[in-house]
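Participant: Handing you this structure, nothing more for now.
Read the figures in this text as sums done on the coordinates, not as results from a lab. Keep in mind that this is a model prediction, so the values were computed, not measured. Using ideal geometry, Cβ is built from the backbone for each residue, glycine included, and neighbour counts are taken over all protein chains shown.
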Amino acid sequence: MNSGLHETAIDEIVARCNGDIRGALKALLLVNEQLEVELAQLQAAVAHGRLTGPRRSVLH
């Protein structure tokens, strides 16, 4: 993602939080936390041989 896209994404996130920067940061932290949980679950599945090959589902 280039700098211009970062700026646009940041502006959209803050706008969705009605201009509340703390709210935007909190939302991003919560999304990141969820992604970390999903990643750990996928890593565990791969480590135990339950996940092989490409998957059709998308995380986010």
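Participant: With no solvent and one point on each alpha carbon, what is the Debye value of log10 I(q)/I(0) for segment 3-47 at q = 0.26, 0.33 Å⁻¹?
Facilitator: Each listed q maps to, in turn, -0.85, -1.03.
Participant: Karplus couplings for segment 3-13 from phi (6.51 cos²θ - 1.76 cosθ + 1.60, θ = phi - 60°), rounded to Hz, Gly and Pro as x?
Facilitator: Values, residue by residue: 4, x, 5, 4, 4, 5, 4, 4, 4, 5, 5 Hz.
Participant: What's the local net charge at Leu5, with K and R +1, D and E -1, over the other residues with C-beta under 11 Å away?
Facilitator: -3
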